[in-house]
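The values are calculated or read from the model by the stated rules, or taken from the named source; none is laboratory data. Only a predicted model underlies this, so the values are computations on that prediction, with no experimental measurement involved. Cβ coordinates were reconstructed from backbone atoms using ideal geometry, including for glycine residues, and neighbour counts include every protein chain displayed. Remember, those area values only see protein heavy atoms, side chains included, never the ligands or the DNA or RNA. Shrake-Rupley method; radii C 1.70, N 1.55, O 1.52, S 1.80 Å.
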Amino acid sequence: MERQEGQKAAVTASKKVAFLAGLLESGTGHTGPTNTPKTLVYKKVFSNIGGAYDLNTAPIKGAYYFRLYGHSHGGTTTAVSLLKNGATQCSLHSWKPVSNGNASNAVVLTLEIGDQISTRHDANTWVYDDPESYTSFCGFLIFPL
């Protein structure tokens with residue numbers, strides 16, 4: 001029994017999870033507005049250690065940190081939420097700035113294996129991105145549980 005626990009701890013400790021992605025792979029543009037909330041798919045992947053970004057699921061049980069940034073142009077509203085298994089965990093909002101606007105938020109969540117993480121922009125809002133990746137999403141495993 002002791003050996004099995006040691007092997008399990010070694011496998012869990014060796015799993016590394018970290019990712020960073022920008023909304024657009026290239027060019028400039030906005031997503032939205034739409035009549036309903038829309039899941040955002042970040043296409044410019046800077047790093048994807050452990051492959052968890054591709055799966056959008058937690059590969060191991062643990063404490064995870066997530067951060068999201070959203071960018072808007074003058075006169076448009078940006079609202080983006082981070083969801084765990086379809087339930088909102090945190091959101092960002094920038095309401096019709098005179099010039100460009102930025103908003104961000106972060107959260108630490110306990111995830112079980114297979115929990116799903118996603119982001120979406122609210123109905124009737126915009127989110128803008130360009131080669132500088134102003135709109136981005138990152139996450140990493142702090143430690144396994």
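What do you reckon, is G51 in contact with a strand residue (DSSP E or B) (Cβ under 7 Å, 6 or more places away or on another chain) and either exposed (fewer than 14 other Cβ atoms within 10 Å of the Cβ) or free of Cβ contacts under 8 Å to residues at least 12 places away in the same chain (or both)?
no
Which of (1) crowded, with 19+ Cβ neighbours inside 10 Å; (2) farther than 15 Å from L141 by Cβ; (3) without any contact (Cβ under 8 Å) to a residue 40 or more places away in the chain does P97 not meet, given it meets every other one?
(1)
Looking at L68, L83, L20, L24, which one is out of contact with any helix residue (DSSP H, G or I) (no Cβ under 9 Å at 6 or more places or on another chain) and either within 15 Å of D130 (Cα to Cα) or open to solvent by 40 Å² or more (accessible area, probe 1.4 Å) (or both)?
Answer to the selection: L24.
Check whether at least one residue in region 119-130 is acidic (D, E) and in a strand (DSSP E or B), and report yes or no.
yes
Read through the list (1) over 21 Å from V17 (Cα atoms); (2) surrounded by 17 or more Cβ atoms within 10 Å (Cβ to Cβ), then give the number of the only condition that S136 fails.
(1)
Look through region 107-118, keep the residues that are part of a strand (DSSP E or B) and of a type outside the set (V, I, T), and return whichever of them is surrounded by the most Cβ atoms within 10 Å (Cβ to Cβ).
Only one residue tops the list, namely L111.
Given (1) aromatic (F, W, Y); (2) within 12 Å of the chain's Cα centre (by Cα); (3) within 14 Å of S136 (Cα to Cα); (4) modelled with pLDDT of 95 or more, where does Y64 come up short, assuming only one miss?
Status for Y64: all satisfied but (3).
With (1) open to solvent by 70 Å² or more (accessible area, probe 1.4 Å); (2) farther than 27 Å from P144 by Cβ; (3) without any contact (Cβ under 8 Å) to a residue 24 or more places away in the chain as the list, and N102 as the residue in question, which single condition is left unmet?
Status for N102: all satisfied but (3).
Which residue pairs have Cβ atoms under 6 Å apart, sit 6 or more places apart or on different chains, and have a first residue in region 123-145 that is of a type in the set (F, W, Y) and a second that is surrounded by fewer than 19 Cβ atoms within 10 Å (Cβ to Cβ)?
W126/P33; Y128/H73; F140/A18; F140/Y65; F143/A63
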